[in-house]
Amino acid sequence: MNARILVAEDDEKQSRLIRVYLEREGNAVQVVADGRAALEKARSGRPDLIVLDVMLPFVDGLDVCRILRAEGSEVPILLLTARSTEEDMLLGLDLGADDYLTKPYSPRELTARVRALLRRSRKGGAAAETALLRVGEVELDTARFEVRVAGRPVTLTSKEFAILEALAREPGRVFTRAQIIERVFGFDRDVLERTVDAHVMNLRRKLEADPGRPRHLETVYGRGYRLADGDGTAGTV
């Protein structure tokens, strides 16, 4: 993969294992053991991806994630958490994480998820597809990973962008949560449907003037979600 990956994990055994598996894939891996160091290295080192443990000293992983997103960072973040409740997982996604793994986990599953996040963030497989999409006031540049709504730039995480892109490529079509999971999360069959809902909620906060009354990203009750074309000019540019 040849990516720069920052691993923030205070358990030395775990961090060593993660490093070994990620370096086997050709990545350059930097390991830190607390949240302050994670923020410093994320800002200065510009990693391609962060593997972030939730339970870190000084600044926990959720706050690291929240701070980086507030600063406008779009780096993909994979959370590692020992908290197995659905609410805890959704909180991490709500703060801007792209994916999560619950401990204990398989190192091979971790590397598979890292590969998937890197593929999505780099848009490596999208060269043959239309790079610029416009659906009503929503514009996506898949080559530059940029989104604008009525000319206003919007910063999205890689998973949020992937969901929006899937909907924008077929405007007006209703996608079930299962279909979104298949297109965006791919191999991961354990993704909860409420994970999709959490990402959609975040998208609405960023895209909609009034998230409670969405004009762009609509819910079709009992079915799923669709990206609505408000002015009749849906399609590609």
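Numbers for the structure displayed
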item	result
Subset of the stretch 120-144 that is modelled with pLDDT of 85 or more and among the hydrophobic types (A, V, I, L, M, F, W, C) - its residue that is farthest from Asp53 (Cα to Cα)	Val135
Positions within the stretch 135-154 being in a loop (DSSP other than H, G, I, E, B) and buried (at least 17 other Cβ atoms within 10 Å of the Cβ), in sequence order	Gly136, Glu137, Thr142, Phe145
Qualifying positions in the stretch 32-52 - among the small types (Gly, Ala, Ser) and under 19 Å from Ser121 (Cα atoms)	Ala42, Gly45
Ala162 under 21 Å from Ala116 (Cβ atoms) and open to solvent by 40 Å² or more (accessible area, probe 1.4 Å)	no
The stretch 202-212, residues that are open to solvent by 60 Å² or more (accessible area, probe 1.4 Å) and either small (Gly, Ala, Ser) or within 13 Å of the chain's Cα centre (by Cα) (or both)	Ala209, Gly212
The stretch 21-57, residues that are without any contact (Cβ under 8 Å) to a residue 12 or more places away in the chain and either open to solvent by less than 20 Å² (accessible area, probe 1.4 Å) or not charged (D, E, K, R) (or both)	Ser44
Matching option when the condition is modelled with pLDDT of 90 or more and under 20 Å from Ala198 (Cα atoms), among Leu95, Leu117, Leu80	Leu80
The lone exception for Leu17 - which of (1) touching a residue at least 60 places away in the same chain (Cβ under 8 Å); (2) open to solvent by 10 Å² or more (accessible area, probe 1.4 Å); (3) within 17 Å of Gly92 (Cα to Cα); (4) among the aliphatic types (A, V, I, L, M) it fails	(3)
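Here is a yes/no grid of residues against (1) touching a residue at least 24 places away in the same chain (Cβ under 8 Å); (2) in contact with a helix residue (DSSP H, G or I) (Cβ under 8 Å, 6 or more places away or on another chain); (3) closer than 25 Å to Leu49 by Cβ:
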| site | (1), (2), (3) |
| --- | --- |
| Val149 | yes, yes, no |
| Arg152 | no, no, no |
| Leu156 | yes, yes, yes |
| Glu160 | yes, yes, yes |
| Arg169 | yes, no, yes |
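The values are calculated or read from the model by the stated rules, or taken from the named source; none is laboratory data. What you are looking at is a predicted structure, and each value in this text was computed from that prediction instead of being measured. So basically every Cβ, Gly included, is an ideal-geometry build from the backbone, and we count neighbours across all protein chains shown. Quick note on the areas: whole protein, heavy atoms, side chains included, nothing else; ligands and nucleic acids left out. Shrake-Rupley method; radii C 1.70, N 1.55, O 1.52, S 1.80 Å.
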